[in-house]
Every structure is written in C-alpha cells, then in structure tokens.
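Peer 1: One structure is given below, represented as structure tokens, and several questions about it will come after.
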Amino acid sequence: MSNKSIPPVPGIFTSLPSTEEATLARDELLQRISNDANLPALGSSIARVVQLASSDDEAVRDLAYFVLADVALTQKILRLANTVSYRRVSGTPVTTISKAIFLLGFDMVKASALAMLLVDRMSGKRGQAVRTELTHALIASVMGRELARRSQFKDAEEAAVAALFKNIGKVLVAAHDHKRYGEIAALIDSGVPPARASMQILGCSFDMLAQAVLQEWNIPDTIIQALAALPSGILKPPKSRQEWMQQVTAFSTAAATLIPHMSEQADDAASKALLIRFGPALNLDQDMLGQLLTTVARESRLLTASARLPMPEFVVEEGAVSTLAATSGHDGMVENAAQQTAASDLPSEFLLTLTETATLQTDVRHPSGKPVNARDLLLAGVQDATEMMASGQCKINDLILLVLETLHRSMGFRFVTVCLKDVKSNQFRARISLGENNAVRQAGFVFPAESAHDLFHLAMDNDADLLISDADDPKIRNLVPAWHRALLANARSFIVLPLVVQEKAVGLFYADRAQSAPEGVPPEETALIKTLKRQVLGALNAR
C-alpha cells in the first residue's frame, strides 16, 4: 500500500493523514465498532441474504426461510406487500411470505430484507442521525433497483445492494462516534468535500471504513468494488458491468439526497448538475430523470414506512415530485395507499385498504396455539394459491411452500413438511419444511414405502385426510410408527394429508403441535385445508 500523502486543502487544514496513517485510524475505529455485539450477527445475516441468487427454486425457498425465521422482518415484508401499490391487481391481503415473493419479485424482497435488517439492528442507536443516514441508504437502494430494471447487464440487481451499502461508513460513525459524526457534518456544511472532511476528523474516509466492514462481512468483491470513487467530470458510458455498477452506485447515492427536497430551487440546480455528470453514462435525459425520481420517491415512501423510518411525504404532479410534510411510519403509508387508490381509476370499494389486514393477525389463539381466526387465514392462503396458479408462472415448489406456510401460520402448527416418494430408495422422505427445528426434523422424517399398518400408510392407502386433535388417544397412539415417536415424541395434535395422483401415493403433507387441540377443526376449516391439498394435486397432475 502506498504511503503517498494526500494533497492539503489550503485555508482549511495543513495536511491529511498518509495512507498508512489512515489505515491505522480506520482499524482503530473498526475495533471500537466491533465491540458492538450486534454487528457480527448483522454481518452474518446480511452476507447470507446477499449470497442468495434468484436463479433457482432453492433460492426462493431459502429467502422465504430466512424471512420467516425473523418475526419482525416477516411483518415488515408483509406490510410492504399489502400496500395498495403492490396489491391492487388482486385486491386481497397478502398473508404469506411465499406470496409476497411471488408478488413483489425475488430481487425486491431480497433488497427490502437487507434494508430492513440494517434498520432493525442500527436505528436504535444515536437517534435521528442514524435514522437519517439509513433513510438515505434505503432511498439509494430503491434508486439502484430502478436503474437495474432498465439495465441489460446480468445480475444487475446487485446495484441495489451496492447502493444500500454506499454510505454504511456514515451509518456506523453516526451510531458509534456521534461527536465526530457531528464534526464531519459541520465541515461538510462549510464546504469541505465529504471525503476530506472524514479524513480530517477520523483519519480515514467513509469509503475506506465501508470497504473494511463489508470485507469483514464477506460481501462479494463486485459489490465492494462498486463503492469505489469515480473520476471527476462528465462520465462516459460504461465499458463493463463493474464500471456500470460503480456509476449506478454513485448516482443513486447522490440522487437520494435530492428526493426529499425536489421543490427547492437549489436542488433543481443540483439535479441539473447530476444530469450533466451522469446523463451520458446512464442514458438519462431531463424527462427520464424526472420519471425516475417520481418512481423512486413513491417506492421509497412505502419502503421507509414499512421499515418505520421517517420519510417526507410527496405528491406527484405531471412527473414532478414536491414535498408536502415530514411523516413517519404506518399512518403515512396508509394515507399514501389511499392516494394511489384514487389515482388508479378503480372504484375504491373494490380495493382492500391496509387497515383491513389487521383482521388477519394471529394474536388471539386457542391454548393449542391455533389462531382463533384460522378460517380467515386459510381462506387467504387458498386465494393466494389460486392467484399463483392462475398467473401461468407458478412452480410446484413455490406452491408447496405457500401451502406449508399457510398451514403453519393459519393453524398454529410448530412443524410442517411435505414428504415425497423417493423411487430409488423406495422411501418417503421430507423435502420442504417450515417451523421449529425444521432442518433436523426434516432430515429424520423418512420411512419405508412398503405398506404398513400405521397412520401414514393407512392414510395414503385409503386417500384419507387425518386431522388428529389428541395423539394420546389409545386408538391413535397404537397406530403411530416407532420412527415418528422417536423423532416427534411430544407431538400431541397433527394432520396427515396424503397426495395421491392417479391412484398412486406420491407423498403427503404433515403438520403437528406440541399441544392437543380440543377445539378441533370445524367443517369450514377442513374444507379449506382440503382445497389447499387439491390445488397442489392439480399442479402435480398438470406436470
């Protein structure tokens, strides 16, 4: 690494640290930051999500697993999916992460999950300064995603991730060294370039800090390299995907500062300067920039509201964005949903509003853990599955995951799985599962395909759906096979839904609880559960 000193800025300070000194200062700051016990866990979670690619069914399943494992994250993604902007086609509440991924798209849920992880772990620190920087990061991420949608480059969605992390250095300093953060902000306000201001106060730049943190989190090099500074002046069209990523990341971060203040004359000049610098490289003109800012303002409002971050409220008039007032959280999103409904030219009585999803919460439960409103939750799952199948883009694994998630949430089961026949080994084996300790239980959920006198084979031989409220009933207990008693010894209520295609058993759905369920399963709930099974059978028959 070079030891060449950075040139001084006359009239402000005499010299900046050498590269070696900057590295030492960065390492000292990182050491202080590393004392935060939350950061290693945050880095591990972020790395896990970043590494998910949207190229196969397994990635969709892994993303759904990750979101479902975090109750707060699940609620935020569902809240985002239930805004009118995304739900207006179907008009029905989104109650499953599987449907949210199908509706919003893999890349959007992935980027939103990353943003919300960052917010959840950082927003409680140092108050407003951190929240301001996080809001800026989220807006930049939305901007990156919009530009990625217009790109011809493969895996262009990485630009949204890079834009999200462009100012992670600022976020960390605001959270862990608020005094120096304020000193840097004061220098920037006085006209000192941000890189020089951070070098003077911290001994290293925000970008150096961001690079070190992301390397520690094992973020891919393509994303880290996208944070590098660009040459000054008007940029030329990119010659490679990496150069495009770098330009989009820088543009998104700069443009994010304009959105909350678009009505101010000074920022009109700033937008023109932005267009002069980035327009030729990213193929943007004045109209395209206006449309881009309008779209990003709208989507950012939804995302920041879902993440419980402050975000200015906007109205959109003839492609222009103007500030109305500062708002925060759920109420602002509900108001925005109403505005978008009015703008959609659809009768409002046919569109469900965000507040209606409150009826689909699972707060009130029977002692068994089953939600009192299980019927409504099952019905929502059936509607989700119907829409997914009707789209013509439904994959069988996505549908199965949606059904498992519906059973898990609506019936309060602790463990749910689908078990399919393995012809080579002549066994039935669990393939996809959700719930408590699901990986271990899925691995052990294997039994011979040869017919036997137990619950599972009897259910498949007779194509009979079993809804067991009390597994301690002697008639039931005597039919439970040894492998099930060993694997799930404390299962007290469960269901077995055989999957029989053309009179041949191909597998079954299984779900259980650790408590008995004396409330039983009323006829309406039974009918909906059977409908979910039939939807999967229909998809299997169509293959």
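The values are calculated or read from the model by the stated rules, or taken from the named source; none is laboratory data. Bear in mind the structure is a predicted one, so any value in this text is a computation, not a measurement. When we count neighbours, we look across all protein chains shown, and the Cβ atoms used for this are built from the backbone with ideal geometry, even at glycine. We work out accessible area using only protein heavy atoms, side chains counted, and drop any ligands, DNA or RNA first. Shrake-Rupley method; radii C 1.70, N 1.55, O 1.52, S 1.80 Å.
Peer 1: Tell me, which helices (runs of 4 or more DSSP H) lie completely within segment 440-531 with 3 or more residues that are open to solvent by 50 Å² or more (accessible area, probe 1.4 Å)? I'd like the intermediate steps shown before the answer.
Peer 2: Values: elements: 455-461, 474-477, 482-487.
Ranges flagged: 474-477, 482-487.
Peer 1: Let me ask you something else. Condition first: out of contact with any Gly (no Cβ under 7 Å at 6 or more places or on another chain) and modelled with pLDDT of 85 or more. Now tell me which residues in segment 152-166 satisfy that.
Peer 2: Step one: filter segment 152-166 for residues out of contact with any Gly (no Cβ under 7 Å at 6 or more places or on another chain), giving 152-158, 161, 164-166.
Result: Glu158, Val161, Leu164, Phe165, Lys166.
Peer 1: Report, by residue number, each residue of segment 355-397 that is of a type in the set (S, T, N, Q) and at pLDDT below 85.
Peer 2: Going residue by residue through segment 355-397, those that are of a type in the set (S, T, N, Q) are 355, 357, 359, 361-362, 368, 373, 383, 386, 391, 393, 397.
Answer for segment 355-397, where residues must be of a type in the set (S, T, N, Q) and at pLDDT below 85: Thr355, Thr357, Thr359, Gln361, Thr362, Ser391, Gln393.
Peer 1: Suppose the filter is closer than 25 Å to Gly144 by Cα, in contact with a helix residue (DSSP H, G or I) (Cβ under 8 Å, 6 or more places away or on another chain) and among the charged types (D, E, K, R); does Asp177 pass it? It would help to see each step written out before you state the result.
Peer 2: Values: closer than 25 Å to Gly144 by Cα: no; in contact with a helix residue (DSSP H, G or I) (Cβ under 8 Å, 6 or more places away or on another chain): yes; among the charged types (D, E, K, R): yes.
No; evaluated as a whole, the condition is false for this residue.
Peer 1: Quick check: anything in segment 303-322 touching a helix residue (DSSP H, G or I) at 6+ places or on another chain (Cβ under 7 Å) and modelled with pLDDT of 85 or more?
Peer 2: Among the residues of segment 303-322, not one is touching a helix residue (DSSP H, G or I) at 6+ places or on another chain (Cβ under 7 Å) and modelled with pLDDT of 85 or more, which makes the answer no.
Peer 1: Considering only residues of segment 532-543 that are out of contact with any strand residue (DSSP E or B) (no Cβ under 8 Å at 6 or more places or on another chain) and in contact (Cβ under 8 Å) with a residue 24 or more places away in the chain, which is least open to solvent (accessible area, probe 1.4 Å)? Spell out how you get there, then give the answer.
Peer 2: Kept after step one, since they are out of contact with any strand residue (DSSP E or B) (no Cβ under 8 Å at 6 or more places or on another chain), are these residues of segment 532-543: 532, 534-535, 538-539, 542-543.
This time we only want the ones that are in contact (Cβ under 8 Å) with a residue 24 or more places away in the chain, so: 532, 535, 538-539, 543.
Values: Leu532: 2, Gln535: 22, Gly538: 35, Ala539: 20, Arg543: 195 Å².
Going through the qualifying residues, I end up with Leu532.
Peer 1: Determine if segment 239-252 includes at least one residue that is open to solvent by 60 Å² or more (accessible area, probe 1.4 Å), in contact (Cβ under 8 Å) with a residue 40 or more places away in the chain and more than 12 Å from Ala159 (Cα to Cα).
Peer 2: Looking through segment 239-252, none of the residues is open to solvent by 60 Å² or more (accessible area, probe 1.4 Å), in contact (Cβ under 8 Å) with a residue 40 or more places away in the chain and more than 12 Å from Ala159 (Cα to Cα).
Peer 1: If you check Asp120, Asp155, which single one turns out to be charged (D, E, K, R), on the phi > 0 side of the Ramachandran plot and either touching a Cys at 6+ places or on another chain (Cβ under 6 Å) or surrounded by fewer than 24 Cβ atoms within 10 Å (Cβ to Cβ) (or both)? First the steps, then the outcome.
Peer 2: Values: Asp120 fails: on the phi > 0 side of the Ramachandran plot.
Going through Asp120, Asp155 in turn, just one is charged (D, E, K, R), on the phi > 0 side of the Ramachandran plot and either touching a Cys at 6+ places or on another chain (Cβ under 6 Å) or surrounded by fewer than 24 Cβ atoms within 10 Å (Cβ to Cβ) (or both): Asp155.
Peer 1: Another question, then. Check every one of the helices (runs of 4 or more DSSP H) wholly within segment 191-231 and list those with 3 or more residues that are modelled with pLDDT of 90 or more and closer than 25 Å to Leu282 by Cα. Give the derivation first.
Peer 2: Working: elements: 194-202, 206-216, 221-225.
Passing ranges, in order: 221-225.
Peer 1: Then there is this: If I ask for residues that are at pLDDT below 65 and surrounded by 13 or more Cβ atoms within 10 Å (Cβ to Cβ), which ones from segment 6-53 would you list?
Peer 2: Ile6, Val9, Ile12, Phe13, Leu16, Pro17, Ser18
Peer 1: Does segment 532-540 contain any residue that is at negative phi, assigned to a strand (DSSP E or B) and modelled with pLDDT under 95? Quick ask: steps written out before the conclusion?
Peer 2: Of segment 532-540, the ones at negative phi are 532-540.
Going one step further and asking which of them are assigned to a strand (DSSP E or B), we end up with none.
For segment 532-540, residues at negative phi, assigned to a strand (DSSP E or B) and modelled with pLDDT under 95: absent.
Peer 1: Still on this structure: If you take the residues in segment 125-151 that are of a type in the set (S, T, N, Q) and closer than 17 Å to Ala226 by Cβ, which one is most open to solvent (accessible area, probe 1.4 Å)? Spell out the reasoning first.
Peer 2: Looking only at segment 125-151, we keep the residues that are of a type in the set (S, T, N, Q), and these are 128, 132, 135, 141, 151.
Filter again for closer than 17 Å to Ala226 by Cβ, leaving 141, 151.
Details: Ser141: 4, Ser151: 25 Å².
If we take residues in segment 125-151 being of a type in the set (S, T, N, Q) and closer than 17 Å to Ala226 by Cβ, then Ser151 is most open to solvent (accessible area, probe 1.4 Å).
Peer 1: Hey, does segment 129-149 have a residue that's closer than 26 Å to Leu378 by Cα, out of contact with any Pro (no Cβ under 8 Å at 6 or more places or on another chain), modelled with pLDDT of 85 or more and part of a helix (DSSP H, G or I)? Explain how you work it out, then say what you get.
Peer 2: We begin by selecting, within segment 129-149, every residue closer than 26 Å to Leu378 by Cα; these are none.
No: segment 129-149 contains no residue that is closer than 26 Å to Leu378 by Cα, out of contact with any Pro (no Cβ under 8 Å at 6 or more places or on another chain), modelled with pLDDT of 85 or more and part of a helix (DSSP H, G or I).
Peer 1: So, one more: The conditions are (1) at pLDDT below 90; (2) open to solvent by less than 30 Å² (accessible area, probe 1.4 Å), and Ala343 fails exactly one of them. Which is it?
Peer 2: (2)
Peer 1: It is to be established whether one or more residues within segment 426-445 are more than 32 Å from the chain's Cα centre (by Cα) and of a type in the set (Val, Ile, Thr).
Peer 2: no
Peer 1: Continuing with the same structure: Determine which member of the set Leu172, Leu164, Leu202 is crowded, with 24+ Cβ neighbours inside 10 Å and closer than 17 Å to Gln225 by Cα.
Peer 2: Numbers: Leu172 fails: closer than 17 Å to Gln225 by Cα; Leu202 fails: closer than 17 Å to Gln225 by Cα.
The conditions single out Leu164.
Peer 1: Something else: Mind listing whichever residues of segment 430-453 are farther than 14 Å from Ala511 by Cβ and in contact with a Lys or Arg (Cβ under 8 Å, 6 or more places away or on another chain)?
Peer 2: Of everything in segment 430-453, those that are farther than 14 Å from Ala511 by Cβ and in contact with a Lys or Arg (Cβ under 8 Å, 6 or more places away or on another chain) turn out to be Val446, Ala449.
Peer 1: Considering only residues that are open to solvent by 60 Å² or more (accessible area, probe 1.4 Å) and among the small types (Gly, Ala, Ser), which ones fall in segment 407-439?
Peer 2: Residue satisfying the conditions is Ala439 alone.
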